[in-house]
1. Can you tell me which residue within the stretch 142-161, out of those that are in a loop (DSSP other than H, G, I, E, B) and β-branched (Val, Ile, Thr), is surrounded by the fewest Cβ atoms within 10 Å (Cβ to Cβ)?
2. Of all the residues that make up the stretch 162-182, how many are surrounded by 21 or more Cβ atoms within 10 Å (Cβ to Cβ) and of a type in the set (Gly, Ala, Ser)?
3. Would you confirm whether or not the stretch 115-138 contains a residue that is over 21 Å from residue 237 (Cα atoms), under 19 Å from the mean Cα position of the chain (by Cα) and not β-branched (Val, Ile, Thr)?
4. Looking at the stretch 175-210, which of the residues that are at pLDDT below 70 and aromatic (Phe, Trp, Tyr) is farthest from residue 134 (Cα to Cα)?
5. Tell me which residues, restricted to the stretch 38-70, are touching a Lys or Arg at 6+ places or on another chain (Cβ under 6 Å) and modelled with pLDDT under 85.
6. Taking into account only those residues within the stretch 83-113 that are modelled with pLDDT under 90 and polar (S, T, N, Q), which is surrounded by the most Cβ atoms within 10 Å (Cβ to Cβ)?
7. In the stretch 47-81, which residues are hydrophobic (A, V, I, L, M, F, W, C), closer than 19 Å to residue 257 by Cβ and over 14 Å from the mean Cα position of the chain (by Cα)?
8. Any residue in the stretch 211-227 that's of a type in the set (Asp, Glu): show its pairings with residues that are outside any strand (DSSP E or B) at Cβ separation under 6 Å, as long as the two are six or more apart or on different chains.
Amino acid sequence: MLRQQLTSGMVWTSFLDAPAEEKGAVRIVTTSGRTSLATISDDRSVMVAARSVGRIGPDDGSYMSTAFLISPRIAVVPVHVATTFASRAANGQWKMPKPVSIRFDLADPESTRHVVEVVQTVRPKTKADGGSLDAKMLEICWPVLLRLDGDAPVPALEIATKASAERDRVSVIGFPVDTGTPATSDFAHHFTAASGEKHVMPGTVERAAGKTWTFDHNCFTAPGTSGGPIVNHAGQVVGMHVAGRASMDGFKTGTGIAMTKFKPDMFEPA
């Protein structure tokens, strides 16, 4: 297993193997035995996109996950991440009882922005097909908009206008954490050496969204990466990572909310 430190606080996935016979290419290892090749030149836009992904958590450090920027003062996380620091009333209104912040560059304290409001949950008005997620799980995975206390020091990510197809190259960007618990050790222990740092985790689409609101990928993720953007080779957001599990053949499969299915104005705070 190789790990390439890009800058202080950012790591190119722990599963990189550069085969000598393939100059200008990297071998993406999602788990032992499953590999694919991708050219290094395709990854420049992905690394630029990684700047706009931050580690989110209460200021007391009790929890951390991933958020990403979609406009200068608006970040997004899934419902199940938002509920770790905020509560939602029956009418859908959110309340945030304790201070929460997002740090975009772990090497720079000045990149921190505080969350001042949990604005709203973004979801379709009609019944939605969750694909790999059952109805109960889908409800805790919809995007939630967060308002920041000032413009972020990084550019907002662009949401793609076209969904990724099966076998398309994608990357999850996030902050995998080794919690040390048996329930997550199968995957999280691979990130122990860089637990809590920003990782780019490349892979491919295994199931396209089609008529559903989710799609599956084989990027190797771990706890802490929920809320991370799933970006295409151009660095555009095609999804938001919300779940990971062992697949039937023993490999890792992740699921993302298909951000391309939402109309752009749905991400504008009411």
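1. Applying the first criterion (in a loop (DSSP other than H, G, I, E, B)) to the stretch 142-161 yields 142, 149-158, 160-161.
Next, from what is left, pick out any that are β-branched (Val, Ile, Thr): 154, 161.
Numbers: 154: 20, 161: 9.
Among those that are in a loop (DSSP other than H, G, I, E, B) and β-branched (Val, Ile, Thr), it is 161.
2. 3
3. yes
4. Taking the stretch 175-210 as the starting set, the residues that turn out to be at pLDDT below 70 are 178-196.
Then drop every residue that is not aromatic (Phe, Trp, Tyr), which leaves 187, 191.
Working: 187: 23, 191: 29 Å.
By that ranking, first place goes to 191.
5. Narrowing the stretch 38-70 to residues touching a Lys or Arg at 6+ places or on another chain (Cβ under 6 Å): 38, 54-55, 58, 64.
38 - this is the single residue of the stretch 38-70 that is touching a Lys or Arg at 6+ places or on another chain (Cβ under 6 Å) and modelled with pLDDT under 85.
6. Looking at the filtered set, the residue picked out is 93.
7. Looking only at the stretch 47-81, we keep the residues that are hydrophobic (A, V, I, L, M, F, W, C), and these are 47-50, 53, 56, 64, 67-70, 74-77, 79, 81.
With the extra rule that they be closer than 19 Å to residue 257 by Cβ, the set shrinks to 49, 53, 56, 67-70, 74-77, 79, 81.
74, the sole residue that qualifies.
8. These pairs meet every condition: 216/132.
The values are calculated or read from the model by the stated rules, or taken from the named source; none is laboratory data. This structure is a prediction, so every number in the text was calculated from the model and none was measured. Quick reminder, even Gly has a Cβ in these numbers, built from the backbone with ideal geometry, and neighbours come from all protein chains shown.
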